[in-house]
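Below: the structure, in structure tokens.
The values are calculated or read from the model by the stated rules, or taken from the named source; none is laboratory data. From a predicted model like this one, the values you see are computed outputs, not experimental measurements. Don't worry about glycine lacking a Cβ; one is built from the backbone with ideal geometry, like all the others, and counts go over all protein chains shown.
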Amino acid sequence: MARKHKEYRLRPEDRPLLERLFRAHKTPQNLVFRARIVTLCDAGQTAEEVAKNLNTSTNTVYRWLNRYQKSGLDGLKDLPRPGQPTKITKAKVEEVLRLTQNTIPRESTHWSLRLMAKRAGITVWQVQQIWKAAGLKPHVLKTFKISNDPDFAEKVIDVVGLYMNPPENAMILSIDEKTQIQALDRTQPMLQLRPGQVERRTHDYKRNGTRSLYAAFDILTGAVMGRVTKRHRAKEFLDFLRQVERSTPSHLDLHLILDNSSTHKTQEVKTWLSKHPRIKLHFTPTSASWLNAVESWFSQLERRALYRGIFSNVKELRDAIHRYISVHNKELAKPFIWTKSAQSIITSVEHAKESFKNNTKN
């Protein structure tokens, strides 16, 4: 006599919930597995067929089917483990915080969750909760450099003032140069993107020369004026100043924000500026390139046009740069908005210097 299989059916209200569960990328895999058991049986498969298809045992299939019949979708979730959860004492929390901030492990340059859990004698999850509550991220490292410019405050007030309160009848241009841009070609052809395969390229490359880029970023419109040069000298900088002067309305004053490169302060540059009084230079503090608005545009250029580019010669590199500038000005340019006040910047730097002194003493 053939075995009679019990039918297991989904509750109508659970169908849309299960569909969302399957579509969600963050759904735990164990929950997806149990949901598949229920849906396959609802489609007419026997417990034995489901077990074979999912490479599991029939006992496992029946366990989750019975749990679903009894408790619905909640029955597919893990039951709470018996017993009281492990409690962390205040002393243990303080120990983890002290170890994290004041020591390093013998086998690594910084603490990981597993290393700290092993050292403190608690679980990885508990370490994670302690670090999360304290805002500690030992795996994250950022770089910094505190400006020691004696005129730091005055320069910040000057530059931020141009960003936040630009003068009338004037253009504010953020100017800088991106030097030694390499025309790199790969030693073998790219393997193109296709379903199931990311784009790939060889790790080694051929150098085909370098170029430098001078750029002037208009903070009121976001448009960029560029000049690609073979070398990076005061002569090239002065040629770019002449280009800027010719390409801007003659009735407007030009306020140029620059860094402290020696090429910006030669006698030739000073002599030329004396003959063009509408041009006024504003220098950012030393070690404060982040204050120059054009730097963020350089980052966009690197990500979108250079990093993955293939250039067999410097002409292709130059053309790619000019092409990106053209597209940016037509489609991507937008006004630059600065929101942080000069005083808040000065206060932050003073606080950083104080913290640095305290850390040095300790």
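When Lys52 is tested against (1) part of a helix (DSSP H, G or I); (2) touching a residue at least 12 places away in the same chain (Cβ under 8 Å), just one condition goes unmet, and that condition is (2).
Give Ile310, Ile346 a once-over and let me know the one that is assigned to a helix (DSSP H, G or I) and not hydroxyl-bearing (Ser, Thr, Tyr). First the steps, then the outcome.
Details: Ile310 fails: assigned to a helix (DSSP H, G or I).
Going through Ile310, Ile346 in turn, just one is assigned to a helix (DSSP H, G or I) and not hydroxyl-bearing (Ser, Thr, Tyr): Ile346.
Based on this model, can you work out whether Trp131 counts as free of Cβ contacts under 8 Å to residues at least 24 places away in the same chain, among the aromatic types (Phe, Trp, Tyr) and over 26 Å from Asp14 (Cβ atoms)? Give the derivation first.
Numbers: free of Cβ contacts under 8 Å to residues at least 24 places away in the same chain: no; among the aromatic types (Phe, Trp, Tyr): yes; over 26 Å from Asp14 (Cβ atoms): yes.
Judged against the criteria, Trp131 is not a match.
Grab the strands (runs of 3 or more DSSP E) fully contained in the stretch 190-304, keeping just those with 1 or more residues being within 30 Å of Pro150 (Cβ to Cβ) and either of a type in the set (A, V, I, L, M) or outside the structural domain of Thr339 (by TED's automatic domain parsing) (or both). Lay out the reasoning, then the answer.
Values: elements: 205-218, 224-229, 253-258, 279-283.
In the stretch 190-304, 205-218, 253-258, 279-283 are the strands (runs of 3 or more DSSP E) which contain 1 or more residues that are within 30 Å of Pro150 (Cβ to Cβ) and either of a type in the set (A, V, I, L, M) or outside the structural domain of Thr339 (by TED's automatic domain parsing) (or both).
Going through Tyr62, Tyr8 one at a time, which residue ends up being among the aromatic types (Phe, Trp, Tyr), farther than 30 Å from Ile130 by Cβ and modelled with pLDDT of 85 or more? It would help to see each step written out before you state the result.
Numbers: Tyr8 fails: modelled with pLDDT of 85 or more.
Result of the check over Tyr62, Tyr8: Tyr62.
Checked against (1) more than 26 Å from Ser296 (Cβ to Cβ); (2) in a helix (DSSP H, G or I), Tyr163 passes all but a single condition, namely (1).
Identify, from the list Ala234, Ala216, the residue that is at negative phi, among the aliphatic types (A, V, I, L, M) and within 32 Å of the chain's Cα centre (by Cα).
On the way: Ala234 fails: within 32 Å of the chain's Cα centre (by Cα).
Among Ala234, Ala216, only Ala216 is at negative phi, among the aliphatic types (A, V, I, L, M) and within 32 Å of the chain's Cα centre (by Cα).
Can you name every residue in the stretch 7-49 that is in a loop (DSSP other than H, G, I, E, B), of a type outside the set (Phe, Trp, Tyr) and touching a residue at least 40 places away in the same chain (Cβ under 8 Å)? Across the stretch 7-49, the qualifying residues are Arg11, Thr46. For the stretch 304-329, filtering for residues that are of a type in the set (Phe, Trp, Tyr) and more than 22 Å from the chain's Cα centre (by Cα) leaves 1.
Yes or no, residue by residue, for (1) part of a loop (DSSP other than H, G, I, E, B); (2) within 25 Å of Leu10 (Cβ to Cβ); (3) assigned by TED's automatic domain parsing to the domain that holds Val38; (4) touching a residue at least 60 places away in the same chain (Cβ under 8 Å):
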{"site": "Tyr62", "(1), (2), (3), (4)": "no, yes, yes, no"}
{"site": "Leu65", "(1), (2), (3), (4)": "no, yes, yes, no"}
{"site": "Gly72", "(1), (2), (3), (4)": "no, yes, yes, yes"}
{"site": "Thr100", "(1), (2), (3), (4)": "no, no, no, no"}
{"site": "His110", "(1), (2), (3), (4)": "yes, no, no, no"}
{"site": "Ile122", "(1), (2), (3), (4)": "yes, no, no, no"}
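Taken together, the residues in the stretch 245-268 that are of a type in the set (Val, Ile, Thr) and over 19 Å from Thr179 (Cα atoms) amount to 1.
Residues of the stretch 71-110 that are among the polar types (S, T, N, Q), modelled with pLDDT under 90 and surrounded by 11 or more Cβ atoms within 10 Å (Cβ to Cβ): Ser71 alone.
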